[in-house]
Amino acid sequence: MLLVMSKTNNPGVIRLRTAITDAVTPVLSVAAAPMDAIYHAGTWVADMSRLRAENVALKNQNIELLQWQSAAKQLANENKSLQGLLRVVPSYKNSYITARVVADMGGPYVHSALLGAGGDSGIKKDQAVISDSGLLGRIIDVGANSSRVLLLGDINSRVPVMAERTHEKSILIGNNSDWPTLSYLAADSKIEAGDRIVTSGDGGVFPKDIPVGVVTSVDKGIVKVQPFVDPPSAEYVSVIDFSL
Amino acid sequence: MIQPFRKVELLCWSVLPGLITTLLAIFFLASRHVGGLNHFMPLLPLIPIFYWGMNHARDMPYWFAFMLGLVMDAVTGMPMGLSSVLYVVFLLLIHSQRKYIHKEGFVIKWAYFTLLLGAICALNWIALSLFYSRVETMVPALLQWFLTVCCYPLLHKGFDALYEHISNRRWQILHGA
């Protein structure tokens, strides 16, 4: 009976689910702390072993970034003055809510994550969730102190995206694997492996230009994308309150 | 006549299997950062359910399996009630063969666990395919089944030691030794 009610998205079942996750989230939050510590200890050891090589790479990257910073400052000033001349009204403003990922698995058939913040912190359904490297997913369930994120890889995930290089728009569709695919591309699409994919902003759910992933292969019309965010490594995420 | 604090001790021993199962469920739910394993994490809570369902059925009641399944479904985002039904079916199948397997050695129990878990994973796959009206891939379920079967011996040995200790303590309390 519960299964049938679950299938029909019965509000009672949704309330039951959020009530249970609200109750369990503090326990999972405490349980996740030692596991995070173990993970960090492991990554610390690995980081130490490649410190020297990383230092050289970072110095080179720093020189390159300083050049980019100079170019960015110049463009920002130019943009500001042009916007002033044209009296441009900003199209949207974003605010962010930071939350901790307390559980990020749903088994082989559901790709979702549980956040330790919910409606009490201002999180609402359908808000975009990002980590430091890009889009993680969107909020699908909200409790008082917990919320669920549908990850990009889940078979129910649909995200309007575009290729940064060609500006071709498409929909990123999850397939319960780590490589979601692009759909609704034109037959003569010029997308190729290595192209960066960002959100297109269509539909008004996600802000424009959030990094999503990179095209890994284009084979017989199937375009696979490797998301920038590796869900298990996302410890803290930001939920975007995207106000049009 | 059993003294009150002995009664409390007996109660503690009887809730211990449930507590261990709950802790393993929490570990199952909270274990992150294990590259790629988060989708194929072994179904750890099913191991104590099998062990105690087989050895001391009273310590692993149906209502507990049902509630645990409900919590697992709520947290993992699976259809509500699916794991509850599967856990109860799992326990039913354990109890149905208990009188034949209870006294058998480790290898027979492990083999039966492997079979039962395979049946539960297959039922899960069928139910999810029906629920979402599409044929799901079986590879992750097979991997999860294999990893859980591999984890069984380790936990079985630990539970054996604990079960022996609990049985001894119970006997001592009940017989005033």
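All of the numbers you see were taken from the coordinates with simple rules; none came from a lab. Bear in mind that the values here come from a model prediction, so they are computed numbers and not experimental data. Cβ coordinates were reconstructed from backbone atoms using ideal geometry, including for glycine residues, and neighbour counts include every protein chain displayed.
Observations, loosely collected:
- For chain B, the longest principal axis of the Cα atoms and the long axis of helix B:46-55 meet at an angle of about 40 degrees.
- Computed E for B:Val15/A:Gln226 - FRET, C-beta separation, R0 56 angstrom, nearest 0.05: 0.75
- Residue exposure sequence - A:Ile139, B:Ile94, A:Ile171 - by fewest surrounding Cβ within 10 Å: A:Ile171, A:Ile139, B:Ile94
- Extension gain, A:Leu66 to A:Glu78, is 2.5 nm, computed as 0.36 nm per intervening residue step minus the present C-alpha separation.
- Against the rule of thumb 2.2 N^0.38 Å, how large the Cα Rg of region A:158-227 comes out: 0.97
- When you count the other C-beta atoms within 10 angstrom of each residue and take the mean per peptide, A:27-36, A:156-165 line up highest first as A:156-165, A:27-36.
- Residue-wise HN-Hα coupling along region A:18-34, computed from phi with Karplus coefficients 6.51, -1.76, 1.60 (Hz; x: Gly, Pro): 5, 5, 5, 5, 4, 6, 7, 3, x, 5, 5, 4, 5, 5, 6, 4, x
- Dimensionless Rg over Rh [chain A; C-alpha; Kirkwood]: 1.01
- Axis of helix A:51-86 versus longest Cα principal axis of chain A: the two differ by about 80°, to the nearest ten degrees.
- FRET efficiency, B:Asp160 to A:Arg15 (Cβ-Cβ, R0 35 Å, nearest 0.05): 0.25
- Neighbour counts of C-beta atoms inside 10 Å place B:Tyr163, B:Tyr87, A:Tyr184 in the sequence A:Tyr184, B:Tyr163, B:Tyr87, starting with the fewest.
- Bridging of A:Lys220 to lysines at a Cα separation below 26 Å is possible for A:Lys169, A:Lys190, once same-chain residues fewer than 8 apart are set aside.
- In this simple spin-label approximation, B:Leu142 and A:Ser121 carry label points 7 Å from Cα along the Cα→Cβ vector, and these lie 4.0 nm apart.
- Cα-based helix-to-principal-axis angle, B:82-101 vs chain B, degrees rounded to 10: 50 degrees
- Compared with the rule-of-thumb size 2.2 N^0.38 Å for a compact globular protein, region A:44-173 has a Cα radius of gyration ratio of 1.43.
- Principal axis dimensions, largest first and in whole angstrom, of the protein assembly as shown by Cα: 93, 47, 40
- Here is the tail figure for region B:4-174: Cα pairs spaced more than 29 Å apart come to 20 percent of all pairs.
- Across region A:181-188, computed HN-Hα scalar couplings (Karplus, 6.51 cos²θ - 1.76 cosθ + 1.60, θ = phi - 60°) run 10, 8, 10, 6, 8, 5, 4, 9 Hz from first to last residue, x flagging Gly and Pro.
- Cross-link pairs beyond the 32 Å C-alpha cut-off, checked among B:Lys99/B:Lys157; A:Lys73/A:Lys125; B:Lys7/B:Lys103: A:Lys73/A:Lys125
- Rounded FRET efficiency, nearest 0.05, which uses the C-beta distance separating A:Val27 from A:Ala144 and R0 of 22 Å: 0.90
- Assigned charges on the beta-carbon of Lys, Arg, Asp, Glu; region B:4-174 dipole about Cα centre (debye): 380 debye
- B:Ser96, A:Ser6 arranged by Cβ crowding within 10 Å, fewest neighbours leading: B:Ser96, A:Ser6
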